[in-house]
Amino acid sequence: MAKEFETRMIVISPSSSVTPDQVTRLVHSLSLEITVKETCYGAMIEGSKEDVRNALIAIRKLDPDRIFTKVRGFPIGDTRRCRAHHGSRPGFTQLEKEWECLRLVDKGVSAAERGEPVRERPPPRKLSVKRLKEIVDEVSK
Amino acid sequence: MKVFIVPPNSLILFDLVERYGHEPLSLMGAIHERVVNPEVESPPMNVTPDDVKKGLKYAGIEVPSGIRGRLAVWGPLVDQADAAIIMDDAPFEFGCVGCHRTDEMVRYLIRKRKIPFIVVRYPNDEEEAKVMVAKIKGFLEGLQ
């Protein structure tokens, strides 16, 4: 494989109707020299940076606001990470958390594209000691 | 422009930085260079002895080796960065779980470099997500 290769994770938001199978089939149909692996959250693609970029442009067109991507450190099927080889998967909690959050973020991306005005709420304030004492007294009765 | 993201392995921040036309500096990119380099010893080692020495630039010898090891990877990214995005108030399983001190040191390094940065709150509902994306978009567009 070329030295300047890149591995990308394609993560589909839970609110999208696009399936990992659709993404994989699309990548196959592009006839680019890249490896694709279908996963539960979307797909992983690997190839030269140029080919990966071209594939990303095509994949994003499926659902521009609801398909997210990031670079992956380890190549596809690397024995240090691939579960087929009993590799560890330390990044999975992060991926799971972010995947859950994508249903909110995609709404933000759509709103930003529309130029929707947003109003920031003040951060939640801490409970005062006085109120805490009142709660303790109420519960203790 | 090169934008450093905190946490440096975040999919959301990586995607948003790239979506709005900048180059994200991420942990995955730094790790990729190390794990595909044939000089790195057998798995699962992905930090070389030289890396740990490099960490001394960012943290003193009395600092635990785990922090120095992490900073050896994150520190050069902060040095390269033209701007930074920090996500705050995130749940504990969001980001690089394991070392809060490294996280604090990285925030200190960003402030010390005096590069433009923005702190956004982790979204818990739709409105907060809209605010987060709008703030990030505005910040990144303002960098050009």
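The values are calculated or read from the model by the stated rules, or taken from the named source; none is laboratory data. Bear in mind that the values here come from a model prediction, so they are computed numbers and not experimental data. No Cβ is skipped: glycine too gets one built from the backbone with ideal geometry, and neighbour counts run over all protein chains shown.
At-a-glance table
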item: Any chance B:G69 is assigned to a helix (DSSP H, G or I) and either exposed (fewer than 15 other Cβ atoms within 10 Å of the Cβ) or at pLDDT 80 or above (or both); result: yes
item: Total residues in the range A:26-42, condition more than 14 Å from every other protein chain (Cβ to nearest Cβ), part of a loop (DSSP other than H, G, I, E, B) and either surrounded by 16 or more Cβ atoms within 10 Å (Cβ to Cβ) or out of contact with any Gly (no Cβ under 8 Å at 6 or more places or on another chain) (or both); result: 5
item: Yes/no for A:T93 being hydroxyl-bearing (S, T, Y) and assigned to a helix (DSSP H, G or I); result: yes
item: Selected residue (only one of B:Y108, B:Y122 is among the hydroxyl-bearing types (S, T, Y), loosely packed, with under 15 Cβ neighbours inside 10 Å and modelled with pLDDT under 95); result: B:Y108
item: Out of B:A83, B:A90, sole residue that is under 13 Å from the mean Cα position of the chain (by Cα) and either free of Cβ contacts under 8 Å to residues at least 24 places away in the same chain or closer than 23 Å to B:A30 by Cβ (or both); result: B:A83
item: Candidates A:I76, A:I45, filtered to the one that is in a strand (DSSP E or B), in contact with a strand residue (DSSP E or B) (Cβ under 8 Å, 6 or more places away or on another chain), among the hydrophobic types (A, V, I, L, M, F, W, C) and closer than 24 Å to B:P7 by Cβ; result: A:I45
item: Restricting the range A:82-99 to residues that are of a type in the set (D, E, K, R) and more than 10 Å from chain B (Cβ to nearest Cβ), the residue that is farthest from B:D125 (Cα to Cα); result: A:R83
item: Count of residues meeting criterion [buried (at least 21 other Cβ atoms within 10 Å of the Cβ) and either within 14 Å of chain A (Cβ to nearest Cβ) or farther than 26 Å from B:P123 by Cα (or both)] in the range B:78-91; result: 2
item: The range B:92-135, residues that are of a type outside the set (G, A, S), within 14 Å of chain A (Cβ to nearest Cβ) and part of a loop (DSSP other than H, G, I, E, B); result: B:F92, B:E93, B:F94, B:C96, B:V97, B:C99, B:Y122, B:P123, B:N124, B:D125
item: Candidates A:I135, A:I57, A:I76 - the one that is more than 20 Å from the chain's Cα centre (by Cα), among the hydrophobic types (A, V, I, L, M, F, W, C) and more than 10 Å from every other protein chain (Cβ to nearest Cβ); result: A:I135
item: Residues of the range A:103-128 that turn out to be within 7 Å of chain B (Cβ to nearest Cβ) and either assigned to a helix (DSSP H, G or I) or under 21 Å from A:P20 (Cβ atoms) (or both), as a count; result: 7
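Conditions tested, residue by residue: (1) hydroxyl-bearing (S, T, Y); (2) more than 17 Å from B:M28 (Cα to Cα); (3) in contact with a Lys or Arg (Cβ under 9 Å, 6 or more places away or on another chain); (4) surrounded by 13 or more Cβ atoms within 10 Å (Cβ to Cβ).
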site: A:V71; (1), (2), (3), (4): no, no, yes, yes
site: A:R80; (1), (2), (3), (4): no, no, no, yes
site: A:H86; (1), (2), (3), (4): no, yes, no, no
site: A:T93; (1), (2), (3), (4): yes, no, no, yes
site: A:R114; (1), (2), (3), (4): no, yes, no, no
site: A:E120; (1), (2), (3), (4): no, yes, yes, yes
site: A:P123; (1), (2), (3), (4): no, yes, yes, no
site: A:K133; (1), (2), (3), (4): no, yes, no, no
site: A:S140; (1), (2), (3), (4): yes, yes, no, no
